[in-house]
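*Asks:* Quick one: the structure is below, questions incoming.
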Amino acid sequence: MGASFHINVENTTLRVRLDNPAQHNKLSPATMKALREGLTEKAEDKSLRVMVLTGTGKSFCAGADLGELGRYNFDENPLEQLTDVVERLPFPTICALNGGVYGGGADLALSCDFRIGITTMSSFIPPARIGIHYPPAGLARAVARLGLGPAKRFFLACERMSAEELKAIGFLDFLVTPEELEARTEALTQDIAALAPLSLRGMKETLNDIARGELDVAKARQFQLQCLQSDDFIEGKQALAEKRPANFKGA
């Protein structure tokens, strides 16, 4: 059996691919731990500007391995720990949904900053069908991203949503045909990679703090000051005056 996921760096892009297609990229506790540790290490890399997360096969992710669920320590839930690390990565993250997303896989997708889906995908979250309670951090994230109404449709009605419905409720930011997924993902990746890294890192953290109800105005002001004192701000002004693309260095 091969690796259940792959992490690679290409220039300033971190690429992560779930690779267990026979089980619809289901996540075992060991996989979640190894992926979390790999991403925690990459979070320290100041050269990275964007992450792309996708899957192999017909599904993006079928969530956590329920066969392992009884062994979880719910004070240290591996799914919650993984999605928290993904959400808190300092650079913008893109989830390229190559297929259906189910259960905890939906929380993994929602922990990314952007989601690009394909027209043939669907999603449902089944804890109430099997008698379990979804991780509270995942419930909070769903409400913050989608609103209370759509979250209740997922969790209390166990509604299976089509790609079009996922786009309508805001789960998907972009919806493309399967053939267009790679090109649309690369276009967004390149657009983000060309922007000022300090600006993106500071605003991402501030936006996520706001979404969690944890806005620290003093911290956000420090991000503002850091940007104003950066070489990138000088470069950005010069590029604007000279009507050319800016060449940001992240400093």
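*Asks:* Every residue in the range 137-173 that is charged (D, E, K, R), open to solvent by 40 Å² or more (accessible area, probe 1.4 Å) and either under 20 Å from LEU82 (Cα atoms) or outside the structural domain of ASP84 (by the TED database) (or both), please. It would help to see each step written out before you state the result.
*Replies:* Residues of the range 137-173 that are charged (D, E, K, R), as a first pass: 141, 145, 152-153, 159-160, 164-165, 167, 173.
Now narrow it down to the ones that are open to solvent by 40 Å² or more (accessible area, probe 1.4 Å): 145, 152-153, 159-160, 164-165, 167, 173.
Within the range 137-173, just ARG145 meets the criteria.
*Asks:* On the given criteria, is ARG153 of a type in the set (Lys, Arg) and within 21 Å of MET51 (Cβ to Cβ)?
*Replies:* In short, no.
*Asks:* Kindly indicate the residue of the range 58-71 that is open to solvent by 70 Å² or more (accessible area, probe 1.4 Å) and outside any loop (DSSP other than H, G, I, E, B) and also nearest to HIS6 (Cα to Cα) among those meeting that condition. Before you say what the answer is, go through the steps one by one.
*Replies:* First, pick out the residues of the range 58-71 that are open to solvent by 70 Å² or more (accessible area, probe 1.4 Å): 58, 66, 70-71.
Of the ones still in play, those that are also outside any loop (DSSP other than H, G, I, E, B) are 66, 70-71.
Numbers: LEU66: 23, GLY70: 27, ARG71: 26 Å.
Here the answer is LEU66.
*Asks:* Would you tally the residues in the range 174-216 being free of Cβ contacts under 8 Å to residues at least 24 places away in the same chain and open to solvent by less than 80 Å² (accessible area, probe 1.4 Å)?
*Replies:* The number of residues fulfilling the criteria is 7.
*Asks:* Now for a different question. Is one or more of the residues making up the range 119-132 over 17 Å from the mean Cα position of the chain (by Cα), of a type in the set (S, T, N, Q) and open to solvent by less than 60 Å² (accessible area, probe 1.4 Å)? Write out each step before concluding.
*Replies:* Here is the first cut: in the range 119-132, the residues over 17 Å from the mean Cα position of the chain (by Cα) are 119-122, 124-132.
Among the residues that remain, those that are also of a type in the set (S, T, N, Q) are: 119-120, 122.
From what's left, open to solvent by less than 60 Å² (accessible area, probe 1.4 Å): 119, 122.
Yes, some residue in the range 119-132 is over 17 Å from the mean Cα position of the chain (by Cα), of a type in the set (S, T, N, Q) and open to solvent by less than 60 Å² (accessible area, probe 1.4 Å).
The values are calculated or read from the model by the stated rules, or taken from the named source; none is laboratory data. As the structure is a prediction and not an experimental result, all values here were calculated from the model. Every residue, glycine as well, gets a Cβ built from its backbone with ideal geometry; the counts of neighbours run over all protein chains shown. Accessible surface areas use protein heavy atoms only, side chains included; no ligands, DNA or RNA. Shrake-Rupley method; radii C 1.70, N 1.55, O 1.52, S 1.80 Å.
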